[in-house]
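The values are calculated or read from the model by the stated rules, or taken from the named source; none is laboratory data. Small disclaimer: the values here were computed from a predicted structure and weren't measured. Glycine gets a Cβ as well: all are built from the backbone with ideal geometry, and neighbour counts include every protein chain shown.
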């Protein structure tokens, strides 16, 4: 399995409704995402069936137990979007948390390009801008508390820790509520107000 770039949408459980997951899927399809199928035995499942399954599990605050078969878990959705070979959407939930996440993942190699001079990957600017526009659209829908991005080895930061002053995963950008204090995140990042209630954070090059 290749390394993946992740766009992570954190949502307060108190915002969960019977339509939230379906509305998120509709937002993606309205943004140009084409449904390909589920994964493994669900590759030919209707999209409506996967929406219903995941909505039902979210309503129960479901978290897969160690002894439970993976078939009982949330079902992933495979998309075709732009020129990416594959995009996946999956749900992550822990009963202990006040948030769950909707995660979009794309092969890292299709988002970054290796810089042989620096010995590090860098983000393809046109790809990053498209993903940034998508993230702003998701945030403006009103469901997200935070949106973070990262490569395979980056770690997501909980919204409560970000609110307390910890910098989110910004690789290459993040969006947080304007009510959070981004002033203490340091000189390595820059901030920009987007919409009426959000801050877009990017790393300085």
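With 32, 22, 37 as the choices, which residue is on the phi > 0 side of the Ramachandran plot and surrounded by 15 or more Cβ atoms within 10 Å (Cβ to Cβ)?
37
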>> Take the conditions assigned to a helix (DSSP H, G or I) and over 22 Å from residue 155 (Cα atoms) and apply them to residue 56. Does it pass?
In response: yes
>> Tell me yes or no: at least one residue of segment 94-101 is crowded, with 16+ Cβ neighbours inside 10 Å, part of a loop (DSSP other than H, G, I, E, B) and out of contact with any helix residue (DSSP H, G or I) (no Cβ under 7 Å at 6 or more places or on another chain).
In response: yes
> If a residue has to be in a loop (DSSP other than H, G, I, E, B), touching a strand residue (DSSP E or B) at 6+ places or on another chain (Cβ under 8 Å) and either at pLDDT 95 or above or more than 27 Å from residue 151 (Cβ to Cβ) (or both) to count, how many in segment 17-41 make the cut?
Replying inline: 2
> Yes or no: residue 87 closer than 15 Å to residue 8 by Cα and crowded, with 18+ Cβ neighbours inside 10 Å?
Replying inline: yes
> How many residues are surrounded by fewer than 16 Cβ atoms within 10 Å (Cβ to Cβ) and either in contact with a strand residue (DSSP E or B) (Cβ under 9 Å, 6 or more places away or on another chain) or assigned to a loop (DSSP other than H, G, I, E, B) (or both) when one looks only at segment 59-77?
Replying inline: 8
> Looking at this structure, is residue 112 surrounded by 16 or more Cβ atoms within 10 Å (Cβ to Cβ) and under 22 Å from residue 145 (Cα atoms)?
Replying inline: no
